[in-house]
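Heads up: the structure comes next, in structure tokens.
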Amino acid sequence: MELADLRAKIRDIKNFPTEGILFKDITTLLKDGPAFRFVIEHLAERYRHERVEIVVGIESRGFIFGGALAASLNAGFVPVRKLGKLPGKTIEVEYELEYGRDALAVHEDAIRSGQRVLAVDDLLATGGTMAATLRLIEQLGGRVIGVTFLIELAFLHGRDKLKGHPLHSLIVYD
Ligand code: AMP
């Protein structure tokens with residue numbers, strides 16, 4: 001398995017969820033055992049010596065990669081979710097979407113001050129979702145030691161919103 005093989009396993013779906021969006025469907029990669037394992041091992045290798053204590057994954061596809069990565073790194077996993085889903089006391093952050101606003105939440109006791117945190121999502125588009133997540137992590141005192149994605153849509157320049165954090169993506173579309 002190589003990176004080029006992985007690329008071929010991501011399916012493009014036109015006009016989903018709305019007209020004009022080219023959706024990167026990762027379910028075609030996930031159902032392939034060696035491909036899924038390759039992604040997790042590749043990411044885990046990169047962060048193996050970074051003493052990651054907590055992997056934060058963003059609802060919902062960030063949970064799939066984040067959970068597996070956390071287990072591989074012997075780190076804890078913390079979910080960042082849409083409002084109203086987490087049962088305990090939360091802190092919340094609002095962020096801008098292309099049209100309108102959205103909000104994310106995390107349990108207020110999910111991360112201890114000073115813990116080394118790796119933030120994960122499946123795809124970087126405009127960067128708004130991850131930027132909001134980093135605000136939550138930092139509000140809890142977490143130290144963001146890395147931000148990682150399976151896919152980066154580089155033409156949307158999401159990276160610019162995440163300056164100051166080491167960022168890595170496995171597959172980049174220019
Ligand atoms: P953004 O905040 O613009 O970086 O959007 C990132 C979130 O939206 C991620 O959680 C992605 O899963 C999802 N997303 C945005 N654009 C796409 C796309 N073209 N294909 C698949 N997922 C996307």
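The values are calculated or read from the model by the stated rules, or taken from the named source; none is laboratory data. If you're wondering where the values come from, they're calculated on a predicted model, not measured in any experiment. Ideal geometry is used to build each Cβ from the backbone, glycine not excepted, and the neighbour counts take in all protein chains shown. Side chains included, ligands, DNA and RNA excluded: accessible areas come from the protein's heavy atoms. Shrake-Rupley method; radii C 1.70, N 1.55, O 1.52, S 1.80 Å.
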Worksheet item: In terms of the Cα gyration tensor, with a ≥ b ≥ c the square roots of its eigenvalues, is segment 58-130 rounded because a/c is under 1.5, prolate because a/b exceeds b/c, or oblate?
Response: oblate
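Within segment 1-78, list the trypsin sites (Lys or Arg not before Pro) lying in a DSSP loop whose Cβ has at most 16 other Cβ atoms in a 10 Å radius.
Working: sites: 7, 9, 11, 14, 24, 31, 37, 46, 48, 51, 61; in loops: 31, 48, 51.
Taking segment 1-78 and a limit of 16 other Cβ atoms within 10 Å, the loop trypsin sites (Lys or Arg not before Pro) found are 31, 48, 51.
What part of the accessible area of the chain, given as a whole %, is carbon or sulfur when the probe is 1.4 angstrom?
Values: 4560 of 9240 Å².
Roughly 49 percent, rounded to a whole number.
Within 10 Å of each candidate Cβ there may be at most 16 other Cβ atoms; applying that plus a DSSP loop requirement, which chymotrypsin sites (Phe, Trp or Tyr not before Pro) in segment 74-174 survive?
On the way: sites: 77, 95, 99, 149, 155, 173; in loops: 99.
Loop-located and lightly packed - 99.
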Fill in: Distance-filtered residues of segment 123-149 - backbone nitrogen under 19 Å, label point 7 angstrom along residue 27 Cα→Cβ
123
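Using just the helices of the chain, give the 222 nm mean residue ellipticity in deg cm²/dmol: DSSP H runs with n ≥ 4 each add -39,500 (n - 2.57), and the total is spread over all residues, rounded to 500.
After summing the helix terms and dividing by the residues of the chain, the value is -8500 deg cm²/dmol.
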Discussion item. Just want to confirm a number: the relative contact order over segment 3-173, from Cα pairs under 8 angstrom separated by 6+ residues, in percent.
Written reply: 17 percent
Worksheet item: Shape of the chain from its Cα gyration tensor (a ≥ b ≥ c, root eigenvalues): rounded if a/c is under 1.5, otherwise prolate when a/b > b/c, or oblate?
Response: oblate
Worksheet item: Which aspartates and glutamates have a Cα less than 14 Å from the Cα of residue 14, not counting those fewer than 8 places away in the same chain?
Response: 25
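Could you pull out the pairs from 24/163; 89/161; 82/163 whose alpha carbons sit more than 26 Å apart here? Each step should come with its number before you reach the end.
On the way: 24/163 24 Å; 89/161 28 Å; 82/163 24 Å.
89/161, as the Cα separations exceed 26 Å there.
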